[in-house]
Amino acid sequence: MPQIIVTAEVNDVEEWLKFKAEMVPTMSPVASDGASYVAMNGSNQVASTWEVPDMEAFQAAQGSFSPELAAAAKRAGMIPSTMVVYIKK
């Protein structure tokens, strides 16, 4: 199963961490959660790892956020334009 890392900027790291419990079910149709990471330098950069059973479905979801996913990202304070996805090779 492909593994990915998603990095992004968030408005508030602590709020993003609290929101994880809500984001996991929102992402569950296209990915299962691995772990969350925060920048050691105290910036608003965060990362999360995911296992993706269907990469095409994940890419479709990322390319056009569903209303639920867009709302969840907004509540988490994510800045979608800063997202970068890395795949394990």
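General remarks:
- Count of region 45-78 residues which are surrounded by 14 or more Cβ atoms within 10 Å (Cβ to Cβ) and assigned to a strand (DSSP E or B): 7
- Single unsatisfied condition, W16 versus (1) at pLDDT below 85; (2) among the aromatic types (F, W, Y); (3) under 13 Å from A72 (Cβ atoms): (1)
- All conditions but one from (1) at pLDDT 95 or above; (2) within 13 Å of the chain's Cα centre (by Cα) apply to D33; the one that does not is (1).
- In the set (1) of a type outside the set (V, I, T); (2) touching a residue at least 40 places away in the same chain (Cβ under 8 Å); (3) surrounded by 14 or more Cβ atoms within 10 Å (Cβ to Cβ); (4) part of a strand (DSSP E or B), M23 fails one condition alone, (4).
The values are calculated or read from the model by the stated rules, or taken from the named source; none is laboratory data. Values in this document were obtained by computation on a predicted structure and should not be read as measured data. Here Cβ is always computed from backbone atoms with ideal geometry, including for glycine, and neighbour counts include all displayed protein chains.
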